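Since the structure comes first, as structure tokens, the remarks are kept for the end.
The values are calculated or read from the model by the stated rules, or taken from the named source; none is laboratory data. Here the structure is a predicted model, which is why all the values come from computation and not from measurement. Every residue, glycine as well, gets a Cβ built from its backbone with ideal geometry; the counts of neighbours run over all protein chains shown.
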Amino acid sequence: MQEFDDIYNKEIIKRYSKYELKRLSKRKSRKRDIGAGIIFKLDVNDRFLMLLVYYRLYITYTLAGFLFDLERSNICRDIQKIGKLIREGVPIPQKMYPITKRLKTPEEVEKYFPGFLAFTDCTEQHVPTRPVDKNRRKIFYSGKKKKHTIKNQITVNNRGYILHKVGYKKGRKHDYDIYKNHHPIAPKQVVNVIDLGYLGVETDFPGQLSALLC
């Protein structure tokens, strides 16, 4: 796409060499010359594309590795090392607040939870390769999607900002089972909006305001 090429040529590749030299020069204990270490499997263009796909679709490292023929550890490393450069020219998601903060006043609560609302739900992503082991096929199989998946529970405010995220769980696990073990702790004034997959929250968590979407 022309837009991608324009951003890559004007914002990324022109600054890449200087950025990479500065990044590698930070290591004080370096024993080898700059550039003599591990070589990236993907070129800058493909790493830029990979990062955009990762943030736009919010996929797992496993799926990203399948799409770009890399190990999960390499996906994480590549994104971390080029992310700062890309943020200088392209608006991509990042943490708005670097630390967890205890909210003390209604004004502070409404800043994070506009309208005093939160929305919690699970997302599912298809596992790109069918597990070979029979037991793994069973625990990753989602009865809802009728395929092998992994789940991720996310809580957002009404502006779409992610406030709480749970690590990836096996597709067979029910949404409410994930919630019971990894539920977000929101201020008492906040109403947590949930769907039918979370039946039981009002009974098991009476101290948390909730609203069920039918």
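Residues checked against (1) in contact with a helix residue (DSSP H, G or I) (Cβ under 9 Å, 6 or more places away or on another chain); (2) surrounded by 18 or more Cβ atoms within 10 Å (Cβ to Cβ):
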residue: 154; (1), (2): no, no
residue: 159; (1), (2): yes, no
residue: 172; (1), (2): yes, no
residue: 183; (1), (2): yes, yes
residue: 192; (1), (2): yes, yes
residue: 198; (1), (2): yes, yes
residue: 203; (1), (2): no, no
Out of (1) more than 26 Å from residue 161 (Cβ to Cβ); (2) modelled with pLDDT of 85 or more, the one residue 39 does not meet is (2)
Which numbered condition residue 165 fails, given (1) surrounded by fewer than 19 Cβ atoms within 10 Å (Cβ to Cβ); (2) over 21 Å from residue 116 (Cα atoms); (3) modelled with pLDDT of 85 or more:
(2)
Hey, among the residues in the range 130-149 that are touching a helix residue (DSSP H, G or I) at 6+ places or on another chain (Cβ under 7 Å) and either β-branched (Val, Ile, Thr) or assigned to a strand (DSSP E or B) (or both), which one's farthest from residue 210 (Cα to Cα)?
148
Selection within the range 39-76 - under 21 Å from residue 89 (Cβ atoms), surrounded by fewer than 18 Cβ atoms within 10 Å (Cβ to Cβ) and among the aliphatic types (A, V, I, L, M)
42, 44, 49, 52, 53, 57
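Within the range 114-121, is there a residue that is touching a residue at least 24 places away in the same chain (Cβ under 8 Å), among the β-branched types (Val, Ile, Thr) and not in a loop (DSSP other than H, G, I, E, B)?
Residues of the range 114-121 that are touching a residue at least 24 places away in the same chain (Cβ under 8 Å), as a first pass: 114-121.
From the residues that got through so far, the ones that are among the β-branched types (Val, Ile, Thr) too are 120.
Within this subset, residues satisfying the condition of being not in a loop (DSSP other than H, G, I, E, B) are 120.
Yes, because at least one residue in the range 114-121 is touching a residue at least 24 places away in the same chain (Cβ under 8 Å), among the β-branched types (Val, Ile, Thr) and not in a loop (DSSP other than H, G, I, E, B).
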Members of the range 167-214 that are closer than 20 Å to residue 124 by Cβ, part of a helix (DSSP H, G or I) and not acidic (Asp, Glu)
176, 178, 179, 180, 181, 196, 197, 198, 201
In this structure, does residue 101 turn out to be at pLDDT below 80, within 30 Å of residue 193 (Cα to Cα) and not assigned by TED's automatic domain parsing to the domain that holds residue 190?
yes
